[in-house]
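What follows is a single structure, written as structure tokens, with notes after it.
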Amino acid sequence: MRGGAKAIGKDLGVRYVLEGSVQPSSAAVRVNARLIDAESGAELWAEQFDTPRVDLLQTQDEIVTRLARAMDVQLPEAEAARLKRTPAANPDAEDLALQCQAGVQTGGWAGKEADAGYRLCERALAADPNNARALTWLSAKFLFSVLWGLSADTKADLARADDLSSRAVVLDPNYGGAHSLKAAVLSVQGRLGESIAESERALALDPVTVIAVIFLAQDYLLLGQFEKSLDFLDKAIRLSPHDPDVYVWHQLKAADYFGLEQYDQAIESARRAIASNPGISPWPHFHLIAALAMGGHAAEAREALQSYLASVPTGPKTIAAWKAAAAPLAAAGTPRYVETLDRHYEGLRKAGMPEE
């Protein structure tokens with residue numbers, strides 16, 4: 001098979017080949033897939049998908065969507081790796097933007113690897129100020145600093161994210177990723193109806209834009225519709241169970257379960273988020289500490305607080321700091337959502353976090 005892929009690459013100029021097999025049974029369908037470098041024959045990625053065989057057309061759609069999402073993640077990484085192996089003398093803006101996307105995705109939106117990716121977006125825009133991909137992914141730098149309470153100037157960073165994502169949508173109205181980031185900005189601005197419309201537009205353009213599903217979940221979280229938010233998050237996890245963003249999904253699930261006062265489920269989801277990407281976002285710790293305290297696990301809540309303070313040095317250290325970090329979300333959210341924040345602060349107090 002690998003030799004065949006290499007021959008295809010040589011004969012047709014194909015760079016990558018996706019190959020696999022399907023194994024149906026009475027109750028399920030198993031798909032084995034792998035991505036091959038057509039030039040070298042090397043296997044770049046392999047995964048096994050299992051889906052229930054309830055409705056054949058529905059099963060087919062789910063398999064196609066899951067494979068497409070996997071390629072949406074894997075191809076930028078493969079391109080970035082190829083460009084590092086054989087760098088062009090003058091890499092063009094799209095090459096740099098692809099490397100930026102790969103770095104941000106694998107780096108989890110924040111941290112050293114993601115920051116290196118964002119710098120590549122800046123280089124791409126220096127080469128071409130109208131590169132929609134680079135504008136889109138660079139907007140995430142400023143957006144997530146606001147969402148995760150890491151911004152030194154929330155108003156300025158949100159304005160920067162808005163400008164970049166708005167320019168990307170105008171330059172390439174058919175790029176689902178641009179609509180997704182624009183939706184997230186609108187969400188933080190409290191324009192939830194417009195945000196939902198942008199996310200739905202992103203999915204209409206590209207059904208594998210899973211980030212749009214996530215921002216739909218966030219919008220319904222802010223609306224206080226926790227069950228509907230959970231439905232979107234379960235859909236995202238089903239479509240891409242090994243996604244580099246899975247920790248964000250578990251983090252949002254923790255918030256939804258906390259809103260529903262289902263503290264044991266909130267604890268489990270928060271722990272999954274931390275295990276998937278420790279030390280990046282402070283929010284899973286916010287949910288974990290508060291859920292442990294509100295669920296009657298006082299000693300574990302105090303231990304979780306100490307672990308958070310040691311592992312996320314850039315995160316808020318006081319309840320006042322947490323309130324400042326959550327201010328954009330509180331301003332955007334409904335009273336039902338704001339009430340969940342107040343319960344979080346109560347849990348943090350019980351765990352021993354100082355007010356100031």
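Bear in mind that the values in this text are calculations on the coordinates, not laboratory data. If you're wondering where the values come from, they're calculated on a predicted model, not measured in any experiment. Positions of Cβ are backbone-derived with ideal geometry, glycine not excepted, and every protein chain shown enters the neighbour counts.
Below, the figures for the structure above:
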item: Cβ crowding within 10 Å averaged over residues, with 207-218, 306-317 ranked highest first; result: 207-218, 306-317
item: Equivalent ellipsoid semi-axes, the stretch 130-239, via Cα gyration tensor eigenvalues times 5, rooted, Å; result: 21, 17, 11
item: Within-10-Å neighbourhood charge of Tyr257 [Cβ basis; K, R +1; D, E -1]; result: -3
item: Relative contact order of the stretch 242-356, defined on C-alpha pairs under 8 angstrom at six or more residues apart (%); result: 26 percent
item: Normalised alpha carbon radius of gyration of the stretch 190-287 [divisor 2.2 N^0.38 Å]; result: 1.03
item: Equivalent ellipsoid, the stretch 244-356 (semi-axes from 5 times Cα gyration tensor eigenvalues, Å); result: 17, 16, 15
item: Net +/- balance of residues flanking Ala266 in space, Cβ distance below 10 Å, scoring K and R +1, D and E -1; result: -2
item: Local electrostatic count, Ala127, Cβ distance below 15 Å [Lys/Arg +1, Asp/Glu -1]; result: -2
item: Spacing of the two label points (7 Å from each Cα toward its C-beta) at Glu303 and Arg191, in nm; result: 4.7 nm
